[in-house]
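Each remark here refers to the structure printed beneath this line.
The values are calculated or read from the model by the stated rules, or taken from the named source; none is laboratory data. For clarity, every value in this text was computed on a predicted model and none was experimentally measured. Cβ sites come from the backbone with ideal geometry, for glycine too, and all protein chains shown count toward neighbours. Note: areas computed on protein heavy atoms with side chains; ligands, DNA, RNA excluded. Shrake-Rupley method; radii C 1.70, N 1.55, O 1.52, S 1.80 Å.
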Amino acid sequence: MSAPEIAPPDDDDRAAARQPDEDQAQPTPTGTAPHPVADERTLTPSTDALSHERKHLARARAALRAMRQDTESLNISDVATNWVNAAVLARDIDARVASLADLPGSPLFFGRLDFLHGYADIGDRFYVGRRHVHDTDGDPLVVDWRAPVSRPFYSASKTDPLDVAMRRRFGYTNGDLSAYEDEHLTDPSESARSSALLQAEIERPRVGPMRDIVATIQPEQDTIVRADVDDTVCVQGAPGTGKTAVGLHRVAYLLYAHRKRLARTGTLVVGPNDSFLHYIAQVLPSLGESEVRQATVDELTQHALLTSGGKLKGTESAASAKLKGDARMAEVLRRAVYSGVRKPEEPLVVSRGIRRWRIPVEELSRFVDELLERGFHYNAGREALPLRVGHAILTRVEKTGETADSTMERTVTKNVAVKAFVNSCWPAVDPAKLVLRLLSEPEFLAEHADGIFTAEEQEELLWKTPGRGVRSAKWSRVDAVLVDEAMSLVARSASVGHLVLDEAQDLSAMEYRALGRRCATGTATILGDLAQGTTPWATTSWEEAMHHLGKPDAVVEELTDGFRVPREVIAYASRLLPQIAPTLKEATSIRDAAGRFAVRERSADKLDAAVVEACREALAHEGTVGLIASDDRIPALTTALRAAGLAHLAPGEDTSPQTRLTLAPAPLTKGLEYDHVVLDEPAAVVAAEPDPWTGLRRLYVALTRAVSGLTVVHSAPLPEALR
């Protein structure tokens, strides 16, 4: 760590700590009264300490503005040698300016560490925040939460203080520093206690997109966040354990610790749908990271098909989708892609001027065999074959004493006879057309699925109405994954340095393979919950999933301490675990607030009115409200809400203080959260899925979206486990 990252406050700042300031008001949140400072160097009343901390905040904000202004004033006219370099530098400067914004509602620092021994001449007091801020002398006023010196803020304890004498947490009201709370980790007279400010931050109502958890990261989460860049980590996280936030903060940490490496190789965050990506979109920018690409699984896996002219117009039965997502399809596709490779049946004769050069069948066959054995991607082998021929002829020319060079070799590869030989022995393959044949022609599928899929399975794989062409065929989203696999056999897929994959439990083996190719030369952070798998092909084992991803050595970590879902709510939802995921540990909530919880049974004719009334009650409290229902109940509930004058949003739309109610179909709620959830007719949520097991898992997801309260309204009998 460089000295500027951990430099101490200067002498003026230390002096200010001893200056009382009577003019500052000290509002504090309810139940979070500040504790007095017990620092031997600044034994002053708590109001003086709070005033000092506010002065430090003001100074840090002024320094951040100065850093931003310095960056905005940079003149690159004499630096860039051409317009391309100028454009790159301008883009980098714009990104730097954006990262230096003092975001409203995001405290510049949220904690302070006072060390017993400090860092030699550098200092022993550090303010921990979302980004690094320094003064005009380069001395830090705030250190980045990702810096090594900040780590004890998350991991120090009474039993292992890590040389921390005091850890201070700050509370904010409407962006203003209003409270603080101290832990004296090396003071034996002070017993360990939970943090009221930390608990208040965890339980703070949500409005708008997902926010960062940088001020509330727990030790077990911090271990995952700071895992080595060369490690692939799989996080099995129960609802409310913060696994999504942990994954995003891991990206931010890796970009801080390995910026040059990841700037070169790239980072990618993959989520299940656009609503989810929209929800998490502001987390990384709030941490100063804006150069991370985000995409859905469909966006990545459908690219090859769509660029070939195919259109997603088809649907898939659960049985067919499960088979097409099976890892066995990879071998069927491999066989099909390479099925066109043939051994030559006659020698190759190449004319050059008045000379004719002959390569016998045996030598040509050896070229083909060698390329197949080396495992080239199909197109790479096709490109290498004429080069082998060219080299063979070049060798023959040299043996005659003639002059030969690389130009001659390239000329030979373009010879008409050589091209004809390559096209006959290693013909071009169009991935979309290949998959079209497999799904449309029973004989072609049978040839390549022999010994892999049974006759009955092959019949299920085939389209009921065969496609006549790539553009006219009715492709489904699972068909697109097969085209992506075929494309990867033909040509190498681009790989990023680090990939974060959320809601991973819902992916098929073929989808895991597709995403594994996107990080083949990098690492990954995989996030999910086996109990929330709601597809017929959902994974039942992280070890198996990591094998399909191509990361069999991935470390699997389990998070069971819930910070989001209230105790009563998670206990109610966990009644389903013995049926849907018997091997998983039951999640526990560490929240002090039990949460509001109610189950109301109404007659069918009064169900809509009861749901509307539950929404009104929820809206009387602060925070967002999610009305979750099965797809077939959405039209009736939409009508009921409009009749009642309750404005509502669709999933993915930003809530506001004026509109806080979202009407969400149960399949689109995975990964989302609401302060209050009204769950309509659980039996309908279960019945909407293809089988009871998947239905109960979908219900488990819906039950665990609540942050502060849950109201279940039903007319049909509840599932037996919930009665």
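General observations
- As a length-normalised measure over Cα pairs under 8 Å and 6 or more apart, the relative contact order of region 586-723 settles at 33 percent.
- Proximal aspartates and glutamates relative to Lys260, as straight alpha-carbon distance under 14 Å, when same-chain residues fewer than 8 apart are discounted: Asp92, Glu289, Glu291
- Dimensions of region 417-559 from C-alpha coordinates, computed as largest minus smallest value along each principal axis and given longest first, are 59, 39, 30 Å.
- Segment Ser73..Ala58, full-extension length gain: 3.1 nm, with 0.36 nm per residue of separation and the alpha-carbon distance subtracted.
- Element breakdown for region 136-209 at a 1.4 angstrom probe: carbon and sulfur atoms account for 49% of the accessible area.
- Annotation: Leu436 carries an accessible surface of approximately 20 Å², with a 1.4 Å probe and no ligand, DNA or RNA atoms counted.
- Cross-link reach is defined here as a Cα-Cα straight distance under 20 Å, omitting same-chain residues fewer than 8 places apart; for Lys243 the lysines meeting it are Lys551, Lys585, Lys670.
- Using the Cβ-Cβ distance between Asp691 and Ile354 with R0 set to 60 Å, the FRET efficiency works out to roughly 0.20.
- Ranked from largest to smallest solvent-accessible area, with a 1.4 Å probe on the protein heavy atoms, His448, His548, His303 come out as His303, His548, His448.
- Region 59-175, dipole about Cα centre (Lys/Arg Cβ +1, Asp/Glu Cβ -1), debye to the nearest 20: 640 debye
- Phi to ³J(HN,Hα) by Karplus 6.51 cos²θ - 1.76 cosθ + 1.60 over region 447-459, Hz, x for Gly, Pro: 4, 9, 9, 4, x, 10, 10, 5, 4, 5, 5, 4, 5
- Net length gained if the chain between Ser472 and Glu299 were fully extended (0.36 nm per residue, minus Cα distance): 60.2 nm
- Ranked by solvent-accessible area (1.4 Å probe, protein heavy atoms only, all chains present), the residues Arg517, Arg96 order from largest to smallest as Arg96, Arg517.
- With one equal scatterer per alpha carbon and no solvent term, the Debye-computed log10 I(q)/I(0) for region 125-184 at 0.12 1/Å reads -0.34.
- Hz values of 3J(HN,Hα) by residue in region 92-100 - Karplus curve (6.51, -1.76, 1.60), Gly and Pro given as x: 5, 5, 4, 5, 5, 4, 4, 6, 9
- Axis angle, to the nearest 10 degrees, between helix 634-643 and the longest C-alpha principal axis of the chain: 40 degrees.
- The chain, relative contact order [Cα under 8 Å, separation at least 6], %: 13 percent
- For the pair region 697-711 / region 509-574, the C-alpha centres are spaced 19 Å from each other.
- Rounded to the nearest 10 degrees, the inclination of helix 431-440 to the longest alpha-carbon principal axis of the chain is 80 degrees.
- Hits among lysines - C-alpha to C-alpha of Lys399 under 23 Å, sequence gap 8 or more where chains match: Lys414
- FRET efficiency estimate (nearest 0.05) - Cβ-Cβ, Glu447 to Asp369, R0 22 angstrom: 0.55
- Amide H to amide H distances under 5 Å link Val142 with Val133, where only residues 5 or more positions off or on other chains count and H is placed in the peptide plane.
- Stretched out straight at 0.36 nm per residue, the stretch from Ala571 to His117 would grow longer than its current Cα-Cα span by 158.9 nm.
- Where the alpha-carbon atoms of region 252-344 are placed on the principal axes, they occupy 55, 39, 26 Å, in descending order.
- Here each label is just a point 7 Å from Cα along the line to Cβ, and for Ser157 and Thr173 those points are 3.3 nm apart.
- q = 0.05, 0.07, 0.09 Å⁻¹, the chain: log10 I(q)/I(0) [Debye, one scatterer per Cα]: -0.34, -0.63, -0.93
- Backbone HN-Hα couplings from phi across region 255-271 [Karplus 6.51/-1.76/1.60, Hz, Gly and Pro as x]: 5, 6, 7, 9, 4, 4, 5, 7, 5, 7, 9, x, 10, 9, 10, 10, x
- Within region 546-598: Cβ-based charge dipole about Cα centre, in debye rounded to nearest 20 (Lys, Arg +1; Asp, Glu -1): 240 debye
- Accessible area per residue, Å², region 67-199 with all protein chains present, probe 1.4 Å: 47 Å²
- Both radii come from the Cα set of region 317-418: Rg as radius of gyration, Rh as Kirkwood radius; their ratio Rg/Rh reads 1.18.
- Reciprocal mean inverse distance between Cα atoms of region 566-723 - Kirkwood radius, Å: 15.6 Å
- Helix 328-338 vs. the chain, principal-axis angle (Cα, 0 to 90°, nearest 10): 40 degrees
- Shown is the FRET efficiency for Ala257 and Val599, computed with R0 = 41 Å from the Cβ-Cβ distance and rounded to the nearest 0.05: 0.30.
- With DNA, RNA and ligands ignored, accessible area of Arg410 (1.4 Å probe; Å², nearest 10): 130 Å²
- Here the chain is assigned +1 on the Cβ of each Lys and Arg and -1 on the Cβ of each Asp and Glu. Its dipole about the Cα centre then comes out at about 2600 debye.
- Residues whose amide H lies under 5 Å from that of Ala165, counting only those 5 or more places away or on a different chain, are Asp114, Phe115, Leu116; hydrogens are built 1.01 Å from N in the peptide plane.
- Kirkwood hydrodynamic radius (C-alpha pairs) into Stokes-Einstein, region 357-410, 4 °C and 1.567 mPa s, D in µm²/s: 108 µm²/s
- Our helix-only sum for the chain, with -39,500 (n - 2.57) per DSSP H run of n ≥ 4 divided by its residues, gives a mean residue ellipticity at 222 nm of -11500 deg cm²/dmol.
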